[in-house]
Amino acid sequence: MPALAARMFHTSSLAATDVQDSTTDEQEILCYCEWLTRGEIVAAMPYVRSLKELRERTRACTTCFGCDADLEDLVALHADLFGVAL
Ligand code: FES
């Protein structure tokens with residue numbers, strides 16, 4: 001039974017790590033329709049003034065809208081970047 005307990009503990013530790021990584025990984029695909037990573041979307045934010053302009057520039061969340069909540073979370077996290085390069 002100790003081996004089972006160790007395996008269960010290890011599994012739950014990995015799950016916590018996966019959750020943290022999924023919210024911070026710049027290379028993670030956010031919009032699968034347009035195959036855009038989180039980093040690509042964040043990189044476009046200084047060149048637009050709003051979420052609407054960000055969608056127009058990157059085409060993020062313009063097809064199935066399945067990534068809408070993730071896109072809004074990402075924008076909320078980096079809202080200070082809007083328009084800084086304009
Ligand atoms: S996954 Fe982003 S529009 Fe479909």
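The values are calculated or read from the model by the stated rules, or taken from the named source; none is laboratory data. What you see is a predicted model, and the numbers here were worked out from it, not measured in a lab. Glycine also receives a Cβ, built like all others from the backbone with ideal geometry; neighbour counts cover every protein chain displayed.
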Selection count where residues are closer than 18 Å to GLU28 by Cα and within 14 Å of the ligand (Cβ to nearest atom), scope segment 63-86: 11
Enumeration of residues in segment 61-86 that are surrounded by 15 or more Cβ atoms within 10 Å (Cβ to Cβ) and under 16 Å from GLU34 (Cβ atoms): CYS61, CYS67, ASP70, LEU71, LEU74, VAL75
Single residue of THR37, THR58 found to be among the hydroxyl-bearing types (Ser, Thr, Tyr), surrounded by 13 or more Cβ atoms within 10 Å (Cβ to Cβ) and without any contact (Cβ under 8 Å) to a residue 24 or more places away in the chain: THR37
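Which count do you get for residues in segment 50-61 that are in a loop (DSSP other than H, G, I, E, B) and either within 18 Å of GLN27 (Cα to Cα) or within 16 Å of the chain's Cα centre (by Cα) (or both)?
Number satisfying all stated conditions: 3.
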Check on ASP18, at pLDDT 95 or above, over 24 Å from ALA85 (Cα atoms) and among the charged types (D, E, K, R): no
Residue in segment 66-76 that is within 15 Å of the chain's Cα centre (by Cα) and part of a loop (DSSP other than H, G, I, E, B) present: yes
